[in-house]
């Protein structure tokens, strides 16, 4: 009888240990995803801080392109007011679309490309865009690892008990694969 009790007690300890470790793993993975999203937002903020400087540098030469500048300002405002990750992704995509239009316009104004302040800001923005791409990729990697853990057996049982569910990947907005058309 004592031997059976010890075996049952040992199994209970092993199961509780597994549940404990699984729960803590889910919490750690979820926190890692939130931290990685914060890195994406940090790079978005860098972009949003640089864009007004670029716009100010370019505006004097390109007064007739007010529509693009207005779209950039509106998209920045929508991003700052966005409450959810999905809203922020949508607003960030709008910034990217307007920014792409501005870049196309700048290609058609050689005098802008030779202006030192514009050139410097463009290099900084290019670096920021690369950083955003890296952070988005890291975010999606974190989501992939977490989602796999949520779906794998037997950890999916623990996830279900404690309310952990799959998280959405960062995805480009619909139409992002189409280059913007700018007519001058």
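Quick check: anything in the range 1-10 surrounded by fewer than 19 Cβ atoms within 10 Å (Cβ to Cβ) and modelled with pLDDT under 80? Yes, because at least one residue in the range 1-10 is surrounded by fewer than 19 Cβ atoms within 10 Å (Cβ to Cβ) and modelled with pLDDT under 80. If the condition is being more than 19 Å from residue 91 (Cα to Cα) and free of Cβ contacts under 8 Å to residues at least 24 places away in the same chain, then the range 19-56 contributes 20, 21, 24, 27, 28, 31, 35, 56.
Within the option set 30, 57, 86, 22, being at pLDDT below 85 and under 30 Å from residue 161 (Cα atoms) holds for one residue only, 86.
The values are calculated or read from the model by the stated rules, or taken from the named source; none is laboratory data. In this text, all values refer to a predicted model and were calculated from it rather than measured experimentally. Here the Cβ is made from the backbone with ideal geometry for all residues, glycine too, and neighbour counts use every protein chain on show.
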